[in-house]
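The values are calculated or read from the model by the stated rules, or taken from the named source; none is laboratory data. Given the structure is predicted, the values throughout are model-derived calculations rather than measurements. As a convention, Cβ positions derive from the backbone with ideal geometry for all residues, glycine included, and neighbour counts pool all protein chains shown.
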Amino acid sequence: MRFEIRHTFPCPPERLWEVTDSEEFERRLAEATGATRVLLEQSVKDGSRYTKRRISMKRDLPAPMRKALGTDEISYDQETWRPVEGDRLRWQISPKVLGDRFSGTGTTTVRATPAGCERIIAGDLQVKVPLIGGAMEKRLVDDVTASYERAAKIALDMLAE
């Protein structure tokens, strides 16, 4: 299921990246979402920043989804790549369950606007589980959208401080 989320911020793109790349932002996001966010790896190689985080959270899932997952905890690794001088981050999600039956990829682009900048998150989440895959995709997109809404509020709060 494809999705796109847009937010505007009253700052240049470089300042937004500085805020969203900070450990303070990560701490506040984990607190706001109730997720555990663990940094597994971070490096700069071949002109690109690479980050890998493990994200885990408890969710109240419908019984068919819980059965398909075998748990009510959602846990996945999120890998990101962004050129050091770039405005476009590429991301990939690898869940701890469903392995080859799930794919999550996308981009986050931050571009300058006359009033500051706009962040555009575009992605595709696919769940290949008979009968309930579509419902799982919808739930995931709803959760991702809610998480990015909270992230935008945190970034705006940090920019105002």
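Key figures for this structure:
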quantity: In the range 32-49, residue farthest from Ala151 (Cα to Cα) [restricted to those that are basic (Lys, Arg) and more than 14 Å from the chain's Cα centre (by Cα)]; calculated: Lys45
quantity: Those residues of the range 88-125 which are outside any strand (DSSP E or B) and buried (at least 17 other Cβ atoms within 10 Å of the Cβ), in sequence order; calculated: Leu98
quantity: All positions within the range 4-39 that are modelled with pLDDT of 95 or more, among the hydrophobic types (A, V, I, L, M, F, W, C) and out of contact with any Cys (no Cβ under 9 Å at 6 or more places or on another chain); calculated: Ile5, Trp17, Phe25
quantity: Selection within the range 10-29 - within 14 Å of Arg88 (Cα to Cα) and in contact with a Gly (Cβ under 9 Å, 6 or more places away or on another chain); calculated: Pro13, Leu16
quantity: Selection within the range 7-43 - part of a strand (DSSP E or B), exposed (fewer than 12 other Cβ atoms within 10 Å of the Cβ) and in contact (Cβ under 8 Å) with a residue 12 or more places away in the chain; calculated: Leu39, Leu40
quantity: Matching residues in the range 146-161 - criterion: being exposed (fewer than 14 other Cβ atoms within 10 Å of the Cβ) and within 17 Å of Met1 (Cα to Cα); calculated: Ala146
quantity: Residue tally, condition at pLDDT 95 or above and more than 18 Å from Lys52 (Cβ to Cβ), over the range 89-130; calculated: 14
quantity: Condition broken by Lys128, with the remaining ones in (1) in contact with a Phe, Trp or Tyr (Cβ under 8 Å, 6 or more places away or on another chain); (2) crowded, with 16+ Cβ neighbours inside 10 Å satisfied; calculated: (2)
quantity: Evaluation of Thr145 against (1) in a helix (DSSP H, G or I); (2) polar (S, T, N, Q); (3) within 13 Å of Thr8 (Cα to Cα) (one fails), failing number; calculated: (3)
